[in-house]
Amino acid sequence: MKKEYNTYKEIMTQVESWGKVYSDIVNEKVGLYLNIFSDDYDEIIFFGCGSSYNLSQSASFFTQSLLNDRNCLALPSSELLINTDIYINKNKKYLFIGFSRSGETTESIYVVNKMKNYKNIKTFIISCRENGSIIKLANNYFVCRDANEKSIVTTKSFSSMLFAYCLMLSKFLKNKEMLMEFKNLISYLSKNISNLYYDINNYLNENSFNSYFVLGNGFNYGLAVEADLKMKEMTQIPSYSYYLHEFNHGPKSLLDDRSLCLILTLDNFEENMTKVIYGFLKLGPMMVIIGNSKIRNEDIYFLLTDSNFNNRFVRSFINIPVFQIFAYISAVNKNLNPDKPKNLSYILKI
């Protein structure tokens, strides 16, 4: 039963989609206009709705880290529409980068259409549908072939669009080491995603929870918000996302022995992180940490500890199938249909 849903197939085949994206971008199987990054922009603004906005937050951090002479900002499409004059200065030059699985989300289409009125703005769209309305309005676009989905909840489209963007910027910067690590990531997860599903399934068969917290810093914060969203969408379990240390400033009061705390790969590890995490653990929650960590504790469940990536951004991608699988299995265990979550539709048009 668990493996009959489209959501299962899309989670488990997403790494294959990454491989096609890698071939298209790195091996130049499709035409690319990477010089769009070379213009002297004052600011790069990322936008999207829902999962695409979460994706934008990670993409913005990634860009700010690699192009530290540029200002980067991630905003929901609706915010750009409502407060356009606050975010756009007519004396500055902008690149707007948007993400849309379907290419039909109303607010994002309105953003691109509105930006056509500004001579100081160029738009670049990443989508999963070749015939989407939004790409017809943009200056440039890239389509992740084979990343579109039948289910309502975004899984492989989310990861494929983020993967595509990171590859494009890495290729533009001629960062061969990062591109090779991304290639190794595909190989690693292709070999391990089935065992990962098995490990998470066993864990959830033995542990039940009624509240869910996902913690991550930097690039991982956008992923944490997405993980929180997946659990809300598929299971309706109360779920929350925070920066690791910010969780310590109040929200930890929600923890109890029926809480599950998922900690995403620990980048820029500092000794104080151990103290903070152990402090959370004393409050009684179940805790799972993803990736190879310096923390060792028998009360913590560790996943993908044999992953070994030098680049922290590449390493962060191992978080994605983990939190998707957690939400998917939790939904099925509650006898919910993960393909058709409550109150949601495939495309939101206003």
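The values are calculated or read from the model by the stated rules, or taken from the named source; none is laboratory data. Values in this document were obtained by computation on a predicted structure and should not be read as measured data. Every residue, glycine as well, gets a Cβ built from its backbone with ideal geometry; the counts of neighbours run over all protein chains shown.
Observations
- Meets criteria (farther than 19 Å from TYR33 by Cβ, touching a Leu at 6+ places or on another chain (Cβ under 9 Å), buried (at least 18 other Cβ atoms within 10 Å of the Cβ) and not aromatic (Phe, Trp, Tyr)) for THR155: no
- Hey, LYS20 part of a helix (DSSP H, G or I), closer than 30 Å to ASN192 by Cβ and of a type in the set (D, E, K, R) or not: yes
- Conditions (1) buried (at least 21 other Cβ atoms within 10 Å of the Cβ); (2) in the same structural domain as TYR87 (by TED's automatic domain parsing); number of the one not met by PHE182: (2)
- From ALA164, ALA138, residue being assigned by TED's automatic domain parsing to the domain that holds LEU32 and over 18 Å from GLU16 (Cα atoms): ALA138
- Filter result (assigned to a loop (DSSP other than H, G, I, E, B) and either crowded, with 17+ Cβ neighbours inside 10 Å or touching a residue at least 24 places away in the same chain (Cβ under 8 Å) (or both)) within region 280-300: LEU283, GLY284, PRO285, GLY291, SER293, LYS294, ILE295
- Per the conditions (1) of a type in the set (S, T, N, Q); (2) without any contact (Cβ under 8 Å) to a residue 24 or more places away in the chain; (3) in a loop (DSSP other than H, G, I, E, B), the sole criterion not satisfied by THR274 is (3).
Residue by residue, here is whether (1) modelled with pLDDT of 95 or more; (2) touching a strand residue (DSSP E or B) at 6+ places or on another chain (Cβ under 7 Å); (3) not aromatic (Phe, Trp, Tyr) holds:
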{"site": "ASP24", "(1), (2), (3)": "no, no, yes"}
{"site": "LYS29", "(1), (2), (3)": "no, no, yes"}
{"site": "LEU34", "(1), (2), (3)": "no, no, yes"}
{"site": "PHE37", "(1), (2), (3)": "no, no, no"}
{"site": "SER52", "(1), (2), (3)": "yes, yes, yes"}
{"site": "SER58", "(1), (2), (3)": "yes, no, yes"}
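- Some residue of region 305-315 being in the same structural domain as GLN236 (by TED's automatic domain parsing) and more than 21 Å from the chain's Cα centre (by Cα): yes
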